[in-house]
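Trainee: Have a look at the structure that comes next, please.
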Amino acid sequence: MSNIKIVGLFLLLPLLVASCSGNVVFHDSKEFPSYGWEKESVVVFKYMAVDTSGTYDIIVDIRNDGNYRYQNFWLFVNSISPDLIEFKDTLECVLADDYGRWIGKGGGSLQQHQLPVSFMPQIKFPKLGVYKFELIQGMRDDTLVGIRDIGLRIIKK
């Protein structure tokens, strides 16, 4: 490959990365202590909706390490609108295949998973204001070891 093509590729790469993430209107994550995610610990994300006409996907991101003992992960999600209307859902994310191999993206023992592709696809925010998303681990362990962090992304379609 010629030097001009290599330079062109490096100049084009930031544009490609920016275009892939350009529609993200919200992204936040919470890291858990090394001892684990306590069952009583509720992770809260707050999103200020300023557009009632757009369509959005809401995606949960999970990162786990090799200390996670299970094939799947259960998550309880409560979303609360500015006028206090609640929507509750229970989500399952399969983190490993039947042979115990992680199916997320990552290197070493740290894996990243999207739950599923979008747990709330093609939604609209009908009211302006703050929407609250509460995430609660739904596993039986009082302290869940191996889940490193959890995040929420809202992407405008």
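Trainee: Got at least one residue in segment 79-86 being acidic (Asp, Glu) and free of Cβ contacts under 8 Å to residues at least 12 places away in the same chain?
Mentor: Yes: segment 79-86 contains one or more residues that are acidic (Asp, Glu) and free of Cβ contacts under 8 Å to residues at least 12 places away in the same chain.
Trainee: So if I check each of 56, 68, 35, which one is aromatic (Phe, Trp, Tyr), surrounded by fewer than 12 Cβ atoms within 10 Å (Cβ to Cβ), modelled with pLDDT of 90 or more and at negative phi?
Mentor: Working: 56 fails: surrounded by fewer than 12 Cβ atoms within 10 Å (Cβ to Cβ); 68 fails: surrounded by fewer than 12 Cβ atoms within 10 Å (Cβ to Cβ).
Just one listed residue meets the conditions, 35.
Trainee: A further question on this structure: Select from segment 72-101 the residues that are outside any strand (DSSP E or B) and either among the aromatic types (Phe, Trp, Tyr) or surrounded by 15 or more Cβ atoms within 10 Å (Cβ to Cβ) (or both) and list them in ascending order.
Mentor: 81, 82, 95, 99
Trainee: Something else about it: Exactly one condition in (1) surrounded by 11 or more Cβ atoms within 10 Å (Cβ to Cβ); (2) among the hydroxyl-bearing types (Ser, Thr, Tyr); (3) in contact with a Gly (Cβ under 7 Å, 6 or more places away or on another chain); (4) at pLDDT below 95 is false for residue 29; which is it?
Mentor: (4)
Trainee: Okay, moving on. Considering only segment 118-136, how many residues are crowded, with 16+ Cβ neighbours inside 10 Å and either β-branched (Val, Ile, Thr) or at pLDDT below 95 (or both)?
Mentor: Within segment 118-136, residues that are crowded, with 16+ Cβ neighbours inside 10 Å and either β-branched (Val, Ile, Thr) or at pLDDT below 95 (or both) number 5.
Trainee: Could you say whether any residue in segment 53-60 is closer than 20 Å to residue 142 by Cβ and either in contact with a Pro (Cβ under 6 Å, 6 or more places away or on another chain) or assigned to a strand (DSSP E or B) (or both)? Lay out the reasoning, then the answer.
Mentor: Looking only at segment 53-60, we keep the residues that are closer than 20 Å to residue 142 by Cβ, and these are none.
No, there is no match, as no residue in segment 53-60 is closer than 20 Å to residue 142 by Cβ and either in contact with a Pro (Cβ under 6 Å, 6 or more places away or on another chain) or assigned to a strand (DSSP E or B) (or both).
The values are calculated or read from the model by the stated rules, or taken from the named source; none is laboratory data. Just so it is clear, the model here is predicted, and its values are computed rather than measured. Positions of Cβ are backbone-derived with ideal geometry, glycine not excepted, and every protein chain shown enters the neighbour counts.
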